[in-house]
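Please read the structure below before turning to the comments.
Values quoted throughout were computed directly from the atomic coordinates according to the rules given, and no laboratory measurement underlies them. Here the structure is a predicted model, which is why all the values come from computation and not from measurement. Methodologically, a virtual Cβ is constructed for each residue, glycine included, from the backbone with ideal geometry; neighbour enumeration extends over all protein chains shown.
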Amino acid sequence: MQSPTQSPPQSPAPTVAAGQPASGSTGTAPPVAAQPEGRGGDGLEARLAAVKGEMDARLALAAVAYEVNTAHIETPPVDWSRIGAPPPPVAPVPAAPPGLAPPATPIAALLHRASLRLRTDGWCAGALVDEDGHLCAQGAIRRESGGDRHAEAQAMTVLLEAIRRRFGPRVESVPSFNDAWGNGREPTRMLEQAAILADARGI
């Protein structure tokens, strides 16, 4: 009886220590490519510089194109002396006294214009108009009435009533009241008061 065939014993694989090359290797590690050293922002700065250069070139080209395209257009010269010049002076318009709007009724409007006339032309006493062109209260009413004696008489009546309301019944007439003052402040003020009175009456 034959015994079973036995395989020959295998020798154990040789042990390789860590860090040592395996059997059959040359014993040298493959070379590793060196990594370039540099800062992380170098690539961004280079791109920004390239973009800026391209934009500068485009702007320069656009400026040249504008000069070429507009060279044939004639531009009239600018008269700089007329630019920024102040407007011509305007003659001031006499303003109504504070709180007194120009009345709408005819006699009230006449008295109001007479008060403005005394303010602009000046006041005088003892005459309707003096040699300098100044006016008394009656002279101002006559000037503004335009020769309408009926309107002048109505205005004088209302003015005398306004004067007597303020200074009493002893005032005899508008001329005597006017001549009693050394300046035209009070006669002018009474013309304004008479205009208010006439306007309230609707005349």
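If the segment from ARG149 to LYS52 were pulled out straight at 0.36 nm per residue, it would be longer than the present Cα-Cα gap by 26.0 nm. Each peptide in 126-139, 45-58, 184-197 was scored by the mean count of other Cβ atoms within 10 Å over its residues; highest first, the order is 184-197, 126-139, 45-58. Expressed as a fraction of 2.2 N^0.38 Å, the value expected for a compact globular protein of N residues, the C-alpha radius of gyration of the stretch 100-161 is 1.05. The translational diffusion coefficient of the stretch 145-203, from Stokes-Einstein at 4 °C and 1.567 mPa s with a Kirkwood hydrodynamic radius over alpha carbon pairs, comes to 109 µm²/s.
What the phi angles of the stretch 137-147 give under the Karplus curve with 6.51, -1.76 and 1.60, with θ = phi - 60°, is a coupling list of 4, 5, x, 5, 5, 5, 4, 7, 6, x, x Hz, glycine and proline written as x. Modelled spin-label separation between ASP130 and ALA63, with each label point placed 7 Å from Cα along the Cα-to-Cβ direction: 7.4 nm.
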